[in-house]
Structures are given as structure tokens and as C-alpha cells.
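Enquirer: Just passing along the structure, written as C-alpha cells.
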Amino acid sequence: MEKLVYLYGIIPTKEKEKHPLPSLKGLDGESDVYSLPFDELDAVVCELDPVEYGEKELEKKTNDAKWLHEKAFHHHEALMKLYENYPIIPMKFCTIYSNHDSLLQTINHHKQRMMEMLDDIADKEEWILKIYCEADKVKQGVASYNEAIEAKKEEIASMSPGRQYLEKRKLDQLIDQETEKEKRAFSEKIHKELAALSVDSEVKKIWKKDVTGRTEEMCWNSVYMLNKSVVDDFLSIVKHQQEKWSVSGWHFELTGPWPSYHFAKVS
Amino acid sequence: MNNGNSPQTTTQSSNLVDVLETVLDKGVVIAGDIRVGIADVELLSIKIRLIVASVDKAKEIGMDWWETDPYLNSKAAEQEQKQLKEENKKLLERLEKLEGKMADNSSRLP
């Protein structure tokens, strides 16, 4: 049986000629990572056993959290290593072909688009921003500085004690609502400023605490495609905002540069 | 290219989330021949984080008993059995000596 071909990513052949491929072990920890030249593009791949990594076996493996943890990081680390030397079109985790011919056909089919994309991403970087907040501090801030809430407080002060009790409970609800609005509004404002510097940007899913494992709440998650020339400005804006807002319970977490996982699109 | 903010490959929870949400969910999709979808990125991320967190946390507070707990580690179990056997052997020897002495004593009694 022919070996399966696991595809990590596509790099320009002319870049590979300048820097030889780093020596890496494949997904199974045994095979070597190598590159297959297809005219002007090189496919970075490793070979896998067709029985162990067939569709059914692979599905079992991907449902095993331990395996998935190890292999997802392997994929990530291999791509980061390649990205140190080449512009790369990063493939999604577990993109596997049944043989070389099948891979060749697919690459030929997308070749034009891939060439353009590699040109396009060569001078760009992808950065991910996550904004976390200490919910209590943000709530406190809202309770003491929000106009709608100030007005309500004054209104309550002039009421009878009985009404005051009911209205105070309503006020608490109002504070909660305004806090939620504030989380969104604050993050959107930061995002707008950063997006204006970017070639492209995307708002991503907000993860709950059981995914992040943090005590602070995630209120924003987004990704930016930046021209290399503006990366320094971008970083200093985030740093400045962090310094300005950390006292109020806002925390910025920026990671990058990443291979263009979000903005390299073939079809 | 590196400037201190690069994505890290440590087990820190935040980076863990970054890597999982990106690698499992993003990247260029051109249909391969072997099709596999990651069933539920959120659920698997939680599981993975729990595995990482529990190991990290346990080590942090010096809780590595499972490495020597006979129920959790077969090597430790083997070691324990060996120790028990030796202890048994020593106890038996002592017992035999004592019984011998007693026999000596009783034979000397009038």
C-alpha cells in the first residue's frame, strides 16, 4: 500500500533554494519532513502509514484529547519553524492525501492562486489580539461613571423607602446590562483603531473561562493582517493601551507573528 | 521576526487556546483525500486544558504521588512487591532464629 502524504504547507521554490529545509520529524514522530517540488511551488510534507492514519483510525485519534494536544502542537511547531525561513501557505491540521499524484493534481489545480497568495503574504504578518477583563473592576467603573446609572441613582434618592428598595434592585440589573455593553464598546473601540492600520481583520469567537482557564473574562478575540512596515506602530498602540487601561481591569494579550492561518484563502 | 511576543509553544493556557483555535480551526482548506473533521474544538480544548492544567498544577504543588503510587504505576507496584518479599524473608529469618533459641532454651530446662 502506498504511503499517505501529510501536507504542512506550500512555500515558493525559489525561497527554498536559498534556505535548505530545516530538519524536522513528521507527524508520527518517525518519518522525516521533506519537500516535493512542483515547478515553482514546494509542498512540505511527511509520509504516514496508510493503516494507522486511515480515515477511521484518524477519527479515533482526533477524538483523543492527549493525541490531539501533542499533534496539534507538532503541526504548529513545524509551521513556525518553516515560517522562520519562508513565506508559507499553512494548511489546516490533518490535510492528508492518499499519494503524491493526488497531491500533485490538487496543487496544479490551485497553483495560480497559491502563487499570488505567496506573493501577497510575503511582506505581511498575522497577529492575534485577545482582550480580557476583570469583570468586577469593569462593573465598579460602570457603576460610578455611567451617565444612565448616575441619573437613575438621583431619581431613586428622591423616592420613598419602599420604592427605593425595588428600584435599587432594578438599578443592579441596569448596571449589569451597562457593564456588558461597556465590555463590547471598549473592545470595539480598540479594534477599530487597530483595524484601521491593518490590511485585513477578523473578529473571532470569544471563549469561556473553561476553555481559557483564566480568572479574567475574555471579552474580545480578533486577528489582524499587517504590512510589516506598520507592525511596530501596531505593537506600540497595543502597549500604550495596555498601560493606560490595566488599572481599570483590562488586559491585552497579543500574539504573533503567526503564519497566515486566517487570511490565506485558496478557494 | 521574533520580538518577544511571538506565539509561544509553552503550556500556558492562553497560548494553548491560541494554538488550538488556530491550528484546529483555521489554515487553508484544500480537500485532502483523508477527510477528518475535528468534532468539537471547544470541548476538546477544554479537555486538553484540563489535562495540561492538572499535570502542571500537581507538579507545581509537589503532588507527583501517582509516579510512585502502586495502583497508578506498574513500576512502582513491582518495586513495592520486591520490598515486601524482602521484608517477608527477613521476618521469616528472624522468626526461625527466635524459634531456634526457644527450642534451645526449652531443651536446657530441667
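Read-outs throughout are calculated quantities, based only on the coordinates presented, and are distinct from any laboratory measurement. Keep in mind it's a predicted model, so treat the numbers as computed, not measured. For neighbour counting, all protein chains shown are included, and Cβ atoms are generated from backbone atoms with ideal geometry for every residue, glycine included.
Enquirer: Mind checking which lysines have their Cα closer than 18 Å to the Cα of A:Lys192? Skip sequence neighbours fewer than 8 apart in that chain.
Expert: Partners within reach: A:Lys130, A:Lys181, A:Lys183, A:Lys204, A:Lys205, A:Lys239, A:Lys244.
Enquirer: Let me ask another. Given axes a ≥ b ≥ c from the Cα gyration tensor, I'd like to know whether the protein assembly as shown is rounded (a/c under 1.5), prolate (a/b larger than b/c) or oblate.
Expert: Values: a/c = 2.86, a/b = 1.21, b/c = 2.37.
Oblate is the answer for the protein assembly as shown, as a/c is 1.5 or above yet b/c matches or exceeds a/b.
Enquirer: Moving to a separate point now. Beta carbons within 10 angstrom, averaged per residue: use that to sort the peptides B:82-90, A:237-245, A:250-258, highest first.
Expert: Put in order of decreasing packing, that is A:250-258, A:237-245, B:82-90.
Enquirer: Mind checking which of A:Pro20, A:Pro87, A:Pro37 has the largest fluctuation in a GNM of chain A, springs on alpha carbons under 10 Å?
Expert: A:Pro20
Enquirer: Sequence neighbours fewer than 8 away in the same chain don't count; with that in mind, list the aspartates and glutamates whose C-alpha is under 12 Å from A:Lys153.
Expert: Of all the aspartates and glutamates, those that pass the test against A:Lys153 - Cα under 12 Å, at least 8 places apart if same chain - are A:Glu167, A:Asp172.
Enquirer: Each label point is 7 Å from the Cα along the Cα-to-Cβ direction; what then is the distance between the points at A:Val266 and A:Thr13, in nm?
Expert: About 1.8 nm, to one decimal.
Enquirer: What's the average, rounded to a whole number, of partner chain beta-carbon atoms within 10 Å of each residue's beta-carbon in A:93-106?
Expert: 4
Enquirer: Go through A:Ser23, A:Ser260, A:His109 and say which Cα lies farthest out towards the positive end of the charge dipole of the protein assembly as shown; charges sit on Cβ, +1 for Lys and Arg, -1 for Asp and Glu.
Expert: Farthest towards the positive pole: A:Ser260.
Enquirer: Here is a follow-up. Just how large is the dipole of chain A about the Cα centre, in debye to the nearest 20, putting +1 at every Lys and Arg Cβ and -1 at every Asp and Glu Cβ? Can you show the working numbers first?
Expert: Numbers: 38 positive and 49 negative charges, 210 e Å.
In total the dipole reaches around 1000 debye.
Enquirer: Using the Cα centre as the reference, give the magnitude of the dipole from point charges on the C-beta atoms of the stretch A:125-258 (Lys, Arg: +1; Asp, Glu: -1; all else neutral), rounded to the nearest 20 debye.
Expert: 380 debye
Enquirer: Hey, with R₀ at 45 Å, roughly what FRET efficiency would A:Asp28 and A:Lys170 work out to, going by the Cβ-Cβ distance, to 0.05?
Expert: 0.15
Enquirer: For the stretch A:1-157, what is one quarter of the convex hull surface built on the Cα atoms, given in nm²?
Expert: 15.1 nm²
Enquirer: Now a separate question. For the stretch A:100-106, what does the Karplus curve 6.51 cos²θ - 1.76 cosθ + 1.60, with θ = phi - 60°, yield as ³J(HN,Hα) per residue in whole Hz, taken in order and with x for Gly and Pro?
Expert: Per residue, the Karplus-derived 3J(HN,Hα) values read 4, 4, 5, 5, 4, 4, 4 Hz.
Enquirer: According to the square roots a ≥ b ≥ c of the eigenvalues of the Cα gyration tensor, what is the shape class of the stretch A:76-129, taking rounded for a/c under 1.5, prolate for a/b larger than b/c otherwise, and oblate for the remainder? Kindly include the intermediate steps, with their values, before the conclusion.
Expert: Details: a/c = 2.38, a/b = 1.43, b/c = 1.66.
Oblate shape, in that a/c is at least 1.5 and b/c is the bigger or equal ratio.
Enquirer: Additional query: Under 1.5 on a/c is rounded, so check that first for the stretch A:197-267, then, if it is not, pick prolate when a/b is larger than b/c and oblate when it is not; a ≥ b ≥ c are the square roots of the alpha carbon gyration tensor eigenvalues.
Expert: Details: a/c = 2.73, a/b = 1.25, b/c = 2.19.
Oblate.
Enquirer: Right, next: If I take every Cα pair under 8 Å that is 6 or more residues apart in chain A, average their sequence separation and divide by the length, what percent do I get for the relative contact order?
Expert: 24 percent
Enquirer: Who wins for biggest fluctuation among A:Tyr224, A:Tyr86, A:Tyr97 in a Gaussian network model of chain A, springs between alpha carbons below 10 Å?
Expert: Judging by the Gaussian network model, the answer is A:Tyr97.
Enquirer: Comparing A:Ile190, A:Ile121, A:Ile149, which has the greatest mean-square fluctuation in the GNM of chain A with Cα pairs linked when under 10 Å apart?
Expert: Most flexible of the set in this elastic network: A:Ile149.
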